[in-house]
Amino acid sequence: MNPLCPVRFLSDFMSYTTFSRNHNNQLQEPMFFGQTVNVSRYDQQKYPIFEKLIEKQLSFFWRPEEVDVSKDRLDFQALPDHEKHIFLSNLKYQTLLDSVQGRSPNVALLPIVSIPELETWIETWAFSETIHSRSYTHIIRNVTQAPELIFDDIVSNNKISERADAVTKYYDELINKVAVYNLYGEGKHELNGETVHISLFELKKLLYLTMMSVNILEAIRFYVSFACSFAFAERELMEGNAKIIRLIARDEALHLSGTQHILNIMQDGKDDPEMAIVAAQCRDEAIKMFVDAAEQEKEWAEYLFKDGSMIGLNKDILCQYVEYITNGRMTAVGLPTQFKTSSNPIPWVNSWLVSDNVQIAPQEAELSSYLVGQIDSQVNASDFGDFDL
Amino acid sequence: MTSKKTAKIHFADNSQCVDFNTGCHSLLDCLEQQQYEIPFQCREGYCGACRATLVAGQVTYNEEPLAFVRDGEVLLCCCKPDGNITLNLK
């Protein structure tokens with residue numbers, strides 16, 4: 001810096017640019033914190049898996065309006081109050097999770113991603129979450145005449161807001177610190193009377209923990225909510241809702257596969273040797289994050305069933321499922337299991353989670369992927385009663 | 001039609017042995033037919049729920065899985081044994 005000219009121009013320090021004029025070899029860039037992506041090119045790929053995930057996600061495309069949820073209104077009205085509480089609280093939680101996921105991967109990860117196929121995967125991933133958000137409105141509009149009461153409660157209800165803290169904490173810190181890093185670079189900065197220390201290594205740690213937190217959100221929190229949605233449908237209630245949740249679950253399985261790939265590539269260290277050190281240093285904290293999340297989900301189960309259980313699902317069974325699924329998700333990202341539960345206490349959930357594509361007869365009316373623009377697929381002989389030929 | 005030799009599936013933690021029926025789509029289908037309870041979800045290789053350890057032998061994938069698979073792991077829903085194999089389902 002010129003001592004005679006103490007004014008720093010922002011452009012001297014801004015490291016983010018939407019289109020870097022520097023030539024770079026994207027095959028040599030790490031996934032994150034390298035040179036920002038300039039040309040969105042897919043002719044050469046460092047990690048072809050991300051393009052395969054994009055293609056799969058695009059092949060999954062669906063719209064909430066395709067699913068008929070009109071029968072759910074009658075089902076919902078007939079539910080006892082404690083089951084209405086379970087259904088609505090679960091839906092509020094799902095709405096919160098997808099509100100976060102529809103924007104946060106973009107806001108947090110796009111400014112630091114360095115390879116085009118991963119950048120496009122992040123955008124594709126977040127876009128599909130916005131479809132999920134729209135589908136909750138589709139469901140909520142249908143079951144109640146006052147959707148605003150449900151949406152407003154997502155912000156004002158303490159139980160939901162505790163969930164929001166847990167899922168946004170790492171995202172928010174990463175977003176804020178990357179913003180400072182992009183403006184001022186590494187070092188000690190005085191901002192609004194506060195001292196902020198920014199080091200690239202610490203940012204990498206924060207990125208790693210954020211990815212863990214996202215994986216926990218997608219691989220554990222979502223699945224606990226899916227189990228509740230499917231428990232209604234097992235009793236042939238709220239089946240339109242379950243059809244939508246099946247489509248959401250299919251997307252989420254792909255998303256968590258994406259975050260598992262990112263985490264495993266980071267741990268491996270070939271992509272960025274520093275990330276392997278980060279992963280080793282953060283191992284205990286990552287384990288704690290999974291255990292804490294499992295505890296939070298168990299507390300949530302207690303809140304869901306506070307006024308009574310439902311057939312097929314209660315607090316204890318849901319808590320066992322939390323432990324079972326947490327174990328599996330920890331193994332998938334190279335962490336040791338922490339709970340004794342080794343078998344699935346609600347194996348019927350699996351059949352709700354099967355991808356539609358493996359069905360042999362896609363013309364079956366029950367198949368959600370085949371139901372496009374339908375209102376009512378059930379036609380009885382009596383419907384033709386007043387036909388004159 | 002060539003008669004294909006049936007592959008045997010052994011398990012690392014017990015002495016059981018299952019014949020792989022060549023008509024099965026995957027190891028997962030075969031083990032389910034034999035009443036084994038295996039975790040599954042997507043059944044097409046992208047979710048990773050059916051991940052197991054391949055202790056010995058080789059498998060051939062019907063299609064390349066999208067889920068992360070470490071060395072020594074297999075996704076049961078989208079592969080078939082290539083000769084006799086030993087699995088650890090834990």
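Numbers at a glance
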{"item": "Rg and Dmax [Cα atoms of the stretch A:57-160; Å; Rg one decimal, Dmax integer]", "result": "16.3, 52"}
{"item": "GluC sites (Glu not before Pro), loop per DSSP, at most 15 other Cβ atoms within 10 Å - longest free stretch of chain B", "result": "B:1-36"}
{"item": "Two-decimal Rg to Rh for the protein assembly as shown - Kirkwood Rh, Cα set", "result": "1.00"}
{"item": "Taking the stretch A:88-133 and dividing mean pair separation by its residue count, relative contact order in percent (alpha carbons under 8 Å, at least six apart)", "result": "52 percent"}
{"item": "Calculated P(r) of the stretch B:5-88 - Cα pairs past 21 Å, %", "result": "17 percent"}
{"item": "Residues A:HIS255, A:HIS261 arranged by fewest to most Cβ contacts within 10 Å", "result": "A:HIS261, A:HIS255"}
{"item": "Overall dimensions of the stretch B:42-90 as given by Cα atoms, namely Rg and Dmax in Å", "result": "9.8, 26"}
{"item": "Peptide-level mean, for B:45-52, of C-beta atoms on other protein chains within 10 Å", "result": "6"}
{"item": "Equivalent ellipsoid, the stretch A:102-181 (semi-axes from 5 times Cα gyration tensor eigenvalues, Å)", "result": "29, 18, 7"}
{"item": "Degrees separating the helix A:315-332 axis from the principal Cα axis of chain A, which is the longest one", "result": "40 degrees"}
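We did not get these values from a lab; they are worked out from the coordinates using the rules stated. Every value quoted in this text rests on a predicted model; they were computed, and no experiment measured them. So basically every Cβ, Gly included, is an ideal-geometry build from the backbone, and we count neighbours across all protein chains shown.
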